[in-house]
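In what follows, a structure is listed as structure tokens, so that the remarks can point back to it.
The values are calculated or read from the model by the stated rules, or taken from the named source; none is laboratory data. Fair warning: this is a prediction, and the values are worked out from it, not measured in the lab. In this analysis, Cβ positions are derived from the backbone assuming ideal geometry, glycine residues included, and neighbour counts consider all displayed protein chains.
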Amino acid sequence: MRKAILVLIFSFTLLNCDSDGFNNNNPYLPNYSFSFDVNMNLPLYSQLQFVSNGVLITQPGVGVNGIIVFNAGNGVFNAFDAGCPNQPLTSCSTMTINGINAVCPCDNEEYSLFTGLGALQYPLKRYRVEVLGNIIRVYN
């Protein structure tokens with residue numbers, strides 16, 4: 001009986017674990033595979049060397065509507081899709097940066113670049129980030 005209980009507890013624990021707690025479920029923004037390196041030594045991205053600064057990158061094949069990379073401090077960088085998370089993909093659904101927030105021009109909703117949270121149902125679509133010296137690798 002004791003072994004059966006231990007097996008059940010162990011099985012339950014394994015089934016409820018995930019590899020890294022990373023969830024990108026959003027019906028408006030599909031999951032595209034990509035990898036993009038941001039070199040902070042380049043003038044285009046040098047402002048990322050300073051805390052609370054972000055850049056909008058809208059190169060084809062990078063995210064759904066581009067990406068926003070943000071320096072959250074203490075060596076932490078956040079990367080989010082530049083597509084409005086609560087809007088269908090349209091001509092107005094590419095976010096802009098306003099200080100420490102991303103703003104959706106479709107509905108003027110603001111999302112924190114520290115947390116990705118806004119007031120609506122879906123937060124910003126977060127991407128994985130690796131920091132390798134002055135290179136920030138953003139990928140999905």
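Computed values, structure above
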| item | result |
| --- | --- |
| Residues located in region 28-60, provided they are in contact with a strand residue (DSSP E or B) (Cβ under 6 Å, 6 or more places away or on another chain), hydrophobic (A, V, I, L, M, F, W, C) and closer than 18 Å to Val131 by Cβ | Phe36, Val38, Leu48, Val51, Val55, Ile57 |
| Residue that is surrounded by the most Cβ atoms within 10 Å (Cβ to Cβ) [pool: residues in region 63-74 that are among the hydrophobic types (A, V, I, L, M, F, W, C) and either in contact with a Lys or Arg (Cβ under 6 Å, 6 or more places away or on another chain) or closer than 14 Å to Asn31 by Cα (or both)] | Ile67 |
| Among the residues listed as Val62, Val69, the single one being within 14 Å of the chain's Cα centre (by Cα), modelled with pLDDT of 95 or more, among the hydrophobic types (A, V, I, L, M, F, W, C) and in a loop (DSSP other than H, G, I, E, B) | Val62 |
| Qualifying residue in region 40-52 (condition: in a strand (DSSP E or B), touching a residue at least 12 places away in the same chain (Cβ under 8 Å) and either on the phi > 0 side of the Ramachandran plot or not small (Gly, Ala, Ser) (or both)) | no |
| Residue count for region 108-140, restricted to those that are more than 10 Å from the chain's Cα centre (by Cα) and either loosely packed, with under 14 Cβ neighbours inside 10 Å or of a type in the set (Val, Ile, Thr) (or both) | 10 |
| Neighbours by Cβ (under 9 Å, 6+ apart or cross-chain): first from region 108-129, closer than 15 Å to Ala72 by Cβ; second part of a strand (DSSP E or B) and among the acidic types (Asp, Glu) | Leu124/Asp81; Arg126/Asp81; Tyr127/Asp81 |
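Each row is one residue, and each column tells you yes or no for (1) small (Gly, Ala, Ser); (2) within 20 Å of Ala119 (Cβ to Cβ); (3) surrounded by 17 or more Cβ atoms within 10 Å (Cβ to Cβ).
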| site | (1), (2), (3) |
| --- | --- |
| Phe50 | no, no, no |
| Val55 | no, no, yes |
| Thr58 | no, no, no |
| Gly61 | yes, no, no |
| Val76 | no, no, no |
| Ala79 | yes, no, yes |
| Pro88 | no, yes, no |
| Ser93 | yes, yes, yes |
